[in-house]
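Novice: Sharing a structure with you now.
The values are calculated or read from the model by the stated rules, or taken from the named source; none is laboratory data. Please read all numbers here as calculations on a predicted model, not as lab measurements. Cβ coordinates were reconstructed from backbone atoms using ideal geometry, including for glycine residues, and neighbour counts include every protein chain displayed.
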Amino acid sequence: MAEEMVEITKKRQKKSSEDYTYVGMVFHRLTRHKLAMAGAAMLIVILLFVFVGPLIWRADPNAQIEGIEGMFNAPSKAHPLGTDDYGRDVLARMFFGGRISLFIGFVSAISSTMIGAIVGLVAGYYGGWVDNLLMRFTDAMLSMPTFPLLIALSSVIGKGVSQIILVIIVFGWMQDARLVRGMALSLKEQEYVEAARAIGASANRIMWRHLFPNTLAVLIVSTTIGIGSAIIYEASISFLGFGVQAPFASWGNMLQNAQQFIWKAPRLIIYPGLAIFMTVLGFNFFGDGLRDAIDPKLKL
């Protein structure tokens, strides 16, 4: 009896990936990845805080308490995280600042990934002078000092959410372009692509119906990790005063506003700093786990 139970257990443990669809296999492997699950838990907490929190704590993030007695109030029942130097509710600003930071992160990461995918697909599929032209331009962009140019471009085109998104996109697509280009060079030699050419499929159809779907898994991972990087860029630019402008809040400009009060009210630095840390760490953990789950060569 004991031997039979051992055999049954071994069979269950040897359940092959053939019993799953591709998505099911990736999900199964992802749920076994401890860091990915830790990252997912962090992200769930952050998303609930940012999007469900304002439904529970209904306070105006820009409303000010008049008079000096409203400034730097300690956490209380009326203001769970206290007030800032203008007498504004810190918790409400954390809610709405998180929405702006996440919006910038998602939109800029997805947009830069799509631009990189288009450049990489065109370069990899056509090859020749098209590949040389696009890749040399990509190399030139990669050789530029990104952060100083982010600040310079932000000061030129203006300050605001849309401007920050544009700036991050301009300097965020190159790695994806090189990644997709390498995959396209390999995929275009596959038999199914040759068959598509043989039946008269156009270049656009081959790129978007045959090559692009096979790069999606890698692009999803790249986008996930890119969101964390975009949030860091937004926070850095806003911290230096070139990003989201008052009265709108983002976690970055909350840090910028609080830096002069680091000794008087250190909590004004701790709250947005901790939120950025948890969000970026969560995206990085989840992105790394997703990459491992997609790669069938790795054992989890």
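Novice: Report whether or not residue 88 is charged (D, E, K, R) and over 18 Å from the mean Cα position of the chain (by Cα).
Specialist: Criteria met by residue 88.
Novice: So, one more: Name every residue in the range 246-281 that is at pLDDT below 90 and surrounded by fewer than 15 Cβ atoms within 10 Å (Cβ to Cβ), in order of residue number.
Specialist: 246, 247, 259, 260, 262, 263, 264, 266
Novice: Let me confirm something: among 289, 243, which residue is buried (at least 22 other Cβ atoms within 10 Å of the Cβ) and not in a helix (DSSP H, G or I)?
Specialist: Only one candidate passes the filter, namely 243.
Novice: Condition first: at pLDDT 85 or above and out of contact with any Leu (no Cβ under 9 Å at 6 or more places or on another chain). Can you find one or more residues in the range 232-240 that meet it?
Specialist: Yes, the range 232-240 contains a residue that is at pLDDT 85 or above and out of contact with any Leu (no Cβ under 9 Å at 6 or more places or on another chain).
Novice: Return the residues of the range 256-298 that are of a type in the set (D, E, K, R) and over 22 Å from residue 38 (Cα atoms); say none if nothing qualifies.
Specialist: Listed by number, the residues that qualify are 264, 267, 297.
Novice: Further question on the same structure: If you go through the range 264-284, how many residues are assigned to a helix (DSSP H, G or I), more than 18 Å from residue 95 (Cβ to Cβ) and of a type in the set (Lys, Arg)?
Specialist: The total comes to 0.
Novice: Which numbered condition trips up residue 43, out of (1) touching a Gly at 6+ places or on another chain (Cβ under 7 Å); (2) modelled with pLDDT under 80?
Specialist: The one condition residue 43 does not meet is (2).
Novice: Out of the residues in the range 53-71 that are surrounded by 11 or more Cβ atoms within 10 Å (Cβ to Cβ) and in a helix (DSSP H, G or I), state the one that is modelled with the lowest pLDDT.
Specialist: Once the filter is applied, the top-ranked residue is 70.
Novice: Restricting the search to the range 228-247, which residues are closer than 16 Å to residue 96 by Cα and in contact (Cβ under 8 Å) with a residue 60 or more places away in the chain?
Specialist: 231, 234, 235, 238, 243, 244, 245, 247
Novice: Scan the range 42-71 for residues that are touching a residue at least 12 places away in the same chain (Cβ under 8 Å) and under 17 Å from residue 261 (Cβ atoms) and jot them down.
Specialist: Of everything in the range 42-71, those that are touching a residue at least 12 places away in the same chain (Cβ under 8 Å) and under 17 Å from residue 261 (Cβ atoms) turn out to be 64, 65, 70, 71.
Novice: Quick one: which of 50, 122 is modelled with pLDDT of 90 or more, more than 23 Å from residue 225 (Cα to Cα), within 25 Å of the chain's Cα centre (by Cα) and not small (Gly, Ala, Ser)?
Specialist: When all the criteria are applied, what remains is 122.
Novice: Go through (1) more than 17 Å from the chain's Cα centre (by Cα); (2) surrounded by fewer than 23 Cβ atoms within 10 Å (Cβ to Cβ) for residue 284 and report which single condition fails.
Specialist: Condition not satisfied by residue 284: (1).
Novice: Are any residues in the range 72-83 assigned to a loop (DSSP other than H, G, I, E, B), without any contact (Cβ under 8 Å) to a residue 24 or more places away in the chain and buried (at least 18 other Cβ atoms within 10 Å of the Cβ), and if so, which ones?
Specialist: Listed by number, the residues that qualify are 73, 79.
Novice: Of all residues in the range 213-223, count the ones that are surrounded by 18 or more Cβ atoms within 10 Å (Cβ to Cβ) and of a type outside the set (A, V, I, L, M).
Specialist: Adding up the residues that qualify gives 3.
Okay, residues lined up against (1) touching a residue at least 12 places away in the same chain (Cβ under 8 Å); (2) closer than 16 Å to residue 238 by Cα:
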{"position": "249", "(1), (2)": "yes, yes"}
{"position": "265", "(1), (2)": "yes, no"}
{"position": "275", "(1), (2)": "yes, yes"}
{"position": "278", "(1), (2)": "yes, no"}
{"position": "284", "(1), (2)": "yes, no"}
{"position": "290", "(1), (2)": "yes, no"}
{"position": "295", "(1), (2)": "no, no"}
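Novice: Sticking with this structure for a sec: Inspect all residues belonging to the range 84-92 and state whether any of them is assigned to a helix (DSSP H, G or I) and of a type in the set (Gly, Ala, Ser).
Specialist: Looking for residues that are assigned to a helix (DSSP H, G or I) and of a type in the set (Gly, Ala, Ser), one finds at least one in the range 84-92, hence yes.
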